[in-house]
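Worksheet: the structure to be examined is printed underneath.
The values are calculated or read from the model by the stated rules, or taken from the named source; none is laboratory data. Note that this is a predicted model, so its numbers are computed, not measured. Positions of Cβ are backbone-derived with ideal geometry, glycine not excepted, and every protein chain shown enters the neighbour counts. Surface areas here come from the heavy atoms of the whole protein model, side chains and all, with no ligands, DNA or RNA. Shrake-Rupley method; radii C 1.70, N 1.55, O 1.52, S 1.80 Å.
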Amino acid sequence: MKTENKKIKKKSGKTLQTAREASYFAKKMLKNALQAQEEGRPIGWSMVTWWQGELIARAIGAELVFPENYGAFCAATGGAEKHLEISDSEGYPATLCGYARNSIGYAKLLSDNNFVPYEGAPGGGLAKPKFFLASGTACDARYKWFQALKRYFTEAPVWTVDLPMPGTKEFFYKGNKELGLKYIVDHLKDYVAFLENLLGTKLDYDRLNEIVDQTFKTLALAHEVDILRRAVPSPMVGSDFWSIMIPHLYLPEDPEAYEFYKKVYAEVKQRVDNKIGAIPNEKYRLMFAELPPWHSLGFFGELAEKFGMAIVIESWNYHAILPIPEEEFEGVTDPLEKVAMLTYYKWTEYNKVALEYNVDPGFFMAAYFQFAKDYKTDGLLAHPLMSCRPATYTLLHTKNTLENKLKIPGVVIDGDIIDLRVFNEKEAFSKMEAFVETMDHYREERKKAGIAW
Amino acid sequence: MKDINKKTGLARAKDIYNHRSKRARELKAEGKKVIGYFCCFPPVEIMTALDFLPLRLLGDMDEPITVADGYLPTVMCIFYRSTFDLGMKGRFDFIDGFIGAHACDGAERTSYIWSNYIKTPCNFFLDLPHVDKGEAVSYFKGQLNYLKETIEGLAGKKLDIESLKEAISLHNKQRQLVRELYYLRKPDPPLINGSEVLQVMISIMMIPAEEGNALIQEVIDEVKTRQDIPDKKNGRLLVWGSLIDNIKFTDLIESSGLNIIIEDTATGTRPFWHDIEETEDPLDGVARHYLQEVKCPRTFAETDTSYKEDLENRYSYLKDFAKYWKVNGVFGNIIRNCDIHGYEIPAVKDYLESLGLPVLIIEQDYSTASLEPLRTRFQAFAETIG
Ligand code: SF4
Ligand code: SF4
């Protein structure tokens, strides 16, 4: 086994050159928003809606900023504390999502300062929103939080794009998928009318079509990269992924994102072809669940160095959609319908796997069953986040069922998205040290049970 | 109808409240099937129409959570962690069907995890849109059809429209009776206290609708003529927020100088305040009712108005409650990690305080063991509003 990066970069843990270049897209998003502000174009504060709401907003000329990201940014740069204190003093419970509390505090400061970002606001601050694009998907915070923000931006409307989320078994009831898609399309028509009315301009459906097509292209390529990662040794690791996901999750319609993934693909492919591992002496292949401890990504470098552990695949929700079979698009010309398919298929793509293993829900947890096989993994590193709910709710359940049904053991290491001190690197490290034995044991168990890899 | 223990009215409500699954087990022994459901969104009318006993699944503030810790993380709503804990301990082992619901994160994720570990002959997950628009109602109606088909399988028969219409009338009657019961709290002091009302409310969620209706009627008749009415107190309280399902909590509040007058919660007014409209296809009325009329902040009402108008749109019913029942203070009850209500706090406070109503917000741990320290806060609140 050869390795390209003898020395894992301690701080970021990134091993790909392209991963190092990906920060360009984060900066680009910020720059676009600032430019929009200068040009007087409308700015929306948006949740990630798995492309359901963003593509349409952009097609009509709105620029989007993502307060969830801003939360991560503030936490990493030490600017969150002040915002959290304000949120608490406004009366919001301290148990709410950390990113939400951060943006509530920031919103209060912004409104008190006549909607000019305060001096020294992290990253220059977020500009005043013309509207909020909330989401009914994944967690309650994602619409309740923006609804709460109206208190500070009294005239900005809040729009919640909703997504059907039937149970796995129910999804397969005759006609239910179609019913769900119809709901989304009708709902998106309402959303378009809302935007047109608010912004005083008509949606250009040709432009939307272009955006949607480009998005599918970029996502397909990002998925190709995921497939390459099945190779042993793993050609890239979690720390690489956390950087390269930005363009496909946030800017998939940007042709530059597509060009970028071509480069990522080439770099990863070159490693696969030459059997080059991202880390030296890969011994254990791990899945990682939820967001990583951003400030301590070097931790993964340590795990690689000391134990030969590689994060070969991570949290399903941040990955590109699995390809939709061509025939599903037959006769589909309305871009709203394509958007509906994109988001709905993403959220239900592992329902078949959920049925196969008799586990629920199909989102957030079933993917790990497929990942375990496809990526030949030895364990799950679960990183529940104290103040981010959605995947955390199912992490223990995922860990239990993976152990029971596939003999893939899991280890739980607490962390948070805002209070970065929750992650105790030393303690985490000794837990991982002990986990080596557990993985060895389960390897034997899998052999005995005739479960491949 | 079988009269358990020959008790009537308030005494019977107390008995059912104390032995919540007793009647269900009795009926089950007689061959009736029981469906356990989460929160106030799975339509009980459909269950009643197919001869099931709908049984609301609740937690237990008296029971320490032990088993659930290995399945549901502590950042999740403690009420649902408790409910699941009871399920894992076999408290609901007699139910034939389980209906989970996408009411809130807690209900949704617990529904999934529940059906993985607690097996019942039949289960269904009811998806519920987050918005109340027309297209959402159509989708929801579709989900109700699937729910109906699923439990038809368990019932071994098809639902006929007439039975559904009858069940709707029966449950509408229950709604009307609940409102009548609440009207008895209008005088000062109220004719019935919060703990008694809670016992009735929990009871009617544990027994068939006809029995529930008879029970409420008995209670109304008894209360109208009773001599031992509650004492007059400083505070006439509106309770808003997460549900309360244990009288140790209401007793604590009411022994702190406050009378509970009305509860805008999932065990209070929410499932009962609006009647299901009669529609040609009864499922239309049912779908509209649950998605558009059950006033829970889990359903998002789109708004492009100003903040002030938005508050009016979301909470004007609270103003009506406060005026009609002449309340002079509001207790905002938040079960820890209940995001749905947590995000509402400053907004609901803004609104209520603009009406001149003082608001006490308490986040609590859904455990009777940790109630006593709250007493001083209620007492202080009672003094300030008196
Ligand atoms: S809880 Fe997590 S997913 Fe939900 S809004 Fe907060 S950061 Fe986003
Ligand atoms: S208390 Fe909140 S989170 Fe818990 S069940 Fe009620 S609405 Fe859901």
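General observations
- Contact order, relative form, for chain A: 19 percent (alpha carbon pairs under 8 Å, 6 or more residues apart, mean separation divided by residue count).
- Applying the Karplus relation 6.51 cos²θ - 1.76 cosθ + 1.60 with θ = phi - 60° to segment A:188-193 yields 3J(HN,Hα) values of 5, 4, 4, 5, 4, 4 Hz, where x marks Gly and Pro.
- Rolling a 1.4 angstrom probe over segment B:4-161 with all protein chains present gives an accessible area of which 51% lies on carbon and sulfur atoms.
- From the C-alpha gyration tensor of segment B:164-385, square roots of 5λ in Å: 27, 24, 16
- Cα-based helix-to-principal-axis angle, B:78-88 vs chain B, degrees rounded to 10: 40
- When you restrict to C-alpha pairs under 8 Å that are six or more residues apart and normalise by the size of segment A:149-240, the relative contact order lands at 16 percent.
- Accessible area per residue in Å² at 1.4 Å probe, computed on segment B:164-385: 35
- For the chain pair B and A, the buried solvent-accessible surface (1.4 Å probe, both sides summed) amounts to about 5100 Å².
- Centre separation in Å (Cα based) which lies between segment B:361-386 and segment B:13-68: 29
- Peptide A:185-196 has a mean of 2 when you count, residue by residue, the C-beta atoms of other protein chains within 10 Å of its C-beta.
- Rounded to whole Hz, the Karplus (6.51, -1.76, 1.60) HN-Hα couplings of segment A:258-268, x for glycine and proline: 4, 4, 4, 5, 4, 5, 4, 4, 4, 5, 5
- Local electrostatic count at A:Phe423 - Lys and Arg +1, Asp and Glu -1, tallied over other residues with Cβ under 15 Å: -4
- Our compactness index for segment B:4-161, the C-alpha radius of gyration over the empirical 2.2 N^0.38 Å, is 1.08.
- When you restrict to C-alpha pairs under 8 Å that are six or more residues apart and normalise by the size of segment B:4-161, the relative contact order lands at 20 percent.
- Between 0 and 90 degrees, the angle of helix B:9-18 with respect to the longest Cα principal axis of chain B falls at about 70 degrees.
- Positive-end residue, chain A charge dipole about Cα centroid, Cβ charges, pick of A:Ala33, A:Cys388, A:His441: A:His441
- 15 Å Cα-Cα reach of B:Lys248 towards aspartates and glutamates, excluding residues that sit fewer than 8 places from it in its own chain: B:Asp60, B:Asp62, B:Glu63, B:Glu196, B:Asp365, B:Glu372
- Violating pairs (Cα-Cα greater than 30 angstrom) within the set A:Lys82/A:Lys128; A:Lys130/A:Lys352; A:Lys189/A:Lys262: A:Lys130/A:Lys352; A:Lys189/A:Lys262
- Residue-averaged beta-carbon neighbours from other chains (10 angstrom radius) around B:118-127: 3
- Under the Debye formula (equal points on every Cα, no solvent term), log10 I(q)/I(0) of segment A:67-164 at q = 0.13, 0.14, 0.17, 0.23 Å⁻¹: -0.41, -0.48, -0.71, -1.29
- Listed by chain and number, the aspartates and glutamates whose alpha-carbon sits under 20 Å from that of B:Lys158, ignoring those within fewer than 8 places in the same chain, are A:Glu170, B:Glu45, B:Asp51, B:Asp96, B:Glu149, B:Glu166, B:Glu280, B:Asp281, B:Asp284.
- Whole-percent carbon and sulfur share, accessible surface of segment B:164-385, 1.4 Å: 49
- Normalised by residue number, the volume inside the convex hull of the Cα atoms of chain A is 139 Å³ per residue.
- Cα convex hull of segment B:82-217, projected area averaged across orientations, nm²: 10.6
- Here segment B:22-155 is treated with +1 on each Lys and Arg Cβ and -1 on each Asp and Glu Cβ, and its dipole about the Cα centre works out to around 240 debye.
- Cα lying deepest toward the dipole's positive end in the protein assembly as shown, options A:Cys97, A:Ala310, B:Ile99, charges on Cβ: A:Ala310
- Around A:Leu96: net Lys/Arg minus Asp/Glu count, Cβ-Cβ under 15 Å: -4
- Expressed as a whole percent, the accessible area of chain A that falls on carbon and sulfur atoms is 52 (1.4 Å probe).
- Ranked from largest to smallest solvent-accessible area, with a 1.4 Å probe on the protein heavy atoms, A:Phe172, B:Phe41, B:Phe92 come out as A:Phe172, B:Phe92, B:Phe41.
- With the convex hull drawn over the C-alpha atoms of chain B, the volume per residue is 131 Å³.
- Accessible-area order (highest first, 1.4 angstrom probe) of the listed residues A:Asp254, A:Asp440: A:Asp440, A:Asp254
- Where segment B:4-161 is the region considered: accessible area per residue in Å², 1.4 Å probe: 31
- Local charge for B:Ser255 was computed over the other residues whose Cβ lies under 13 Å away, with Lys and Arg +1 and Asp and Glu -1, and equals -1.
- Bins of 10 Å, starting at 0 and running to the largest distance - Cα pair percent for the protein assembly as shown: 2, 13, 22, 25, 20, 12, 5, 1, 0, 0
- Residues losing 40 Å² or more accessible surface upon assembly, segment A:76-102, compared with the chain by itself, 1.4 Å: A:Pro93, A:Thr95, A:Leu96
- Rounded to the nearest 20 debye, the dipole magnitude of the protein assembly as shown is 1860 debye, with +1 charges on Lys and Arg beta carbons, -1 on Asp and Glu beta carbons, and the Cα centre as origin.
- Simple point charges give the picture: +1 on the Cβ of Lys and Arg, -1 on the Cβ of Asp and Glu, and for chain A a dipole about the Cα centre of about 1200 debye.
- With 50 Å² as the minimum drop in accessible area between chain alone and full protein complex (1.4 Å probe), the qualifying residues in segment B:324-358 are B:Asp339, B:Tyr343, B:Pro346.
- Per residue, the accessible area of segment A:17-449 comes to 35 Å², computed with a 1.4 Å probe over protein heavy atoms only.
- Relative to the dominant Cα principal axis of chain A, helix A:23-39 is inclined by about 0°.
- Taking a ≥ b ≥ c as the square roots of the eigenvalues of the Cα gyration tensor, segment B:132-188 is oblate, since a/c reaches 1.5 or more and a/b is not larger than b/c.
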